[in-house]
1. Of all chymotrypsin sites (Phe, Trp or Tyr not before Pro) in segment 222-291, which ones are in loop regions per DSSP and have a Cβ with at most 14 other Cβ atoms within 10 Å?
2. Per Stokes-Einstein, at 37 °C and 0.692 mPa s, what whole-number D in µm² s⁻¹ belongs to segment 119-173, with the Kirkwood radius over Cα pairs as the hydrodynamic radius?
3. Of 79/357; 147/315; 156/226; 79/147; 192/357, which sit over 25 Å apart, Cα to Cα?
4. Would you tally the net charge around residue 363, using a Cβ to Cβ cut-off of less than 10 Å, leaving residue 363 out, and scoring K and R as +1, D and E as -1?
5. Check residue 103: other-chain or 5+ apart residues with amide H under 5 Å from its amide H, H built from backbone geometry?
6. From largest to smallest, what semi-axes in whole angstrom does segment 145-274 give when each is the square root of 5 times an eigenvalue of its alpha carbon gyration tensor?
7. Of the trypsin sites (Lys or Arg not before Pro) in segment 88-137, which ones lie in a loop per DSSP and count no more than 15 other C-beta atoms within 10 Å?
8. Taking only protein heavy atoms and a 1.4 Å probe, what accessible area per residue, in Å², does segment 207-334 have with all protein chains in place?
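The values are calculated or read from the model by the stated rules, or taken from the named source; none is laboratory data. Keep in mind that this is a model prediction, so the values were computed, not measured. Note: ideal-geometry Cβ built from the backbone for every residue, glycine included; neighbour counts use all protein chains shown. Ligands, DNA and RNA are excluded from the accessible area calculation, which covers all protein heavy atoms including side chains. Shrake-Rupley method; radii C 1.70, N 1.55, O 1.52, S 1.80 Å.
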Amino acid sequence: VSTHSPLKPTQGVRETIDGPYSVSVGPATSRGLRAQLEAQGLTGRFFVVSCAPVWRRHSARVKDLLGRDRVALMPDGEKAKTLATVSRLYAEMSRRRLDRSTIVVAFGGGVVGDTAGFAAASYLRGVKLVQVPTTLLSQVDSAIGGKVGVNLPAGKNLVGAFHRPSAVVCDPEVLTTLTTRQFRAGMYEVVKYGVIASRDLFEQVSGTLPELMRQDLTALSPVIVKCCEIKLAVAQEDEFEAGARRALNFGHTVGHALEAVTRYRRFLHGEAVGLGMLAAARLSVMRGTMASGAEAALRDLIARLGTLPPVADLKSAAILDAIGHDKKVVRGQLHFVLARECGATTIATDITARELKLALASIGVTR
Ligand SMILES: NC(=O)c1ccc[n+]([C@@H]2O[C@H](COP(=O)([O-])OP(=O)(O)OC[C@H]3O[C@@H](n4cnc5c(N)ncnc54)[C@H](O)[C@@H]3O)[C@@H](O)[C@H]2O)c1
Ligand SMILES: [Zn+2]
């Protein structure tokens, strides 16, 4: 695994991070996709997987990849991220006699990317995958790193694989059709990258927040590039999640628990992470790894992003219980990601229930 070279802006608008797979970020990167992929040696039969809301608005972007019959639209939303959907994709692929040379193109948010990605990882023991993510969350997070998979009735992401994409193409132009709430949900993950890996990024986001929120591409593109670089670097260093990748879970221990106790109905994932980061920052200050000034800066930035769903009715006991069931519990021990100032992290394995309760109280969970 080679490490990626530093950012190389090309043509002023397109920025490409070279690595074992290429990640292209920038306005109009999803135009002329076939030529772009072929230039990277990705030739074969493309099989595009998307969903109706994305296809309705943006199909023109990938039109040159098709044979019109080679697109499959899967149902929209988290509830479609199932083995049943994967089965239907297999059926479509075999009906079209797609062979080992097929390149699956996942064109949509994280749900499409994870589901189509898992189909690509397993069809004929694996065919190539290209990710063309269309939500902010998928551009900065789910499309990069090679994790694909689906949910089981028993829980989220319980079946999956590591299957690296052959290319990732992040075009921020397609984000304009997201709802503000969806866009903002991705912004919490952007803030997370700042806290865990780059004080510069944190300050860049803080300093250009109004421009970012109105999706000014000159402000937004470099921020997406930076997030992709961080995710790539961390994922490459630790492809199979032994250590460094854990930093990416900052804010996610409490975040996942908030999602679980509200049965995934109240929060978008990013929103729960926003609250989870505040709780994690409080713990970091309590443990002396983060100065209260840095916590205040995070709190301020999250407040400026907008109002988060309410938590006052939730019970801390239920949240603690959900934390106990989290995947981050290793051999009975909770591994909690703390911030070390802004731009680095450390792991604590001895966070007590009492400390967690105090952290939850700081985000408004007082019951
Ligand atoms: N594989 C990983 O490493 C990883 C990491 C983080 C999250 N995930 C997964 O990602 C999923 C969440 O992804 P998401 O937040 O992108 O949600 P999503 O895929 O459900 O997309 C959210 C909504 O936006 C719509 N949409 C997508 N692009 C649009 C566009 N350009 N304009 C208008 N509407 C658009 C979708 O159709 C959907 O209704 C979860 O299943 C999560 O588990 C995976
Ligand atoms: Zn996340």
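1. 240
2. In µm²/s, the coefficient is 273.
3. In this structure, 79/357; 147/315; 156/226 lie more than 25 Å apart at Cα.
4. Every neighbour counted, the sum reads +2.
5. Those qualifying (amide H under 5 Å, at least 5 residues apart or on another chain) are 45, 46, 47.
6. 24, 19, 15
7. Here the sparse-neighbourhood loop sites are 96, 97, 100.
8. 42
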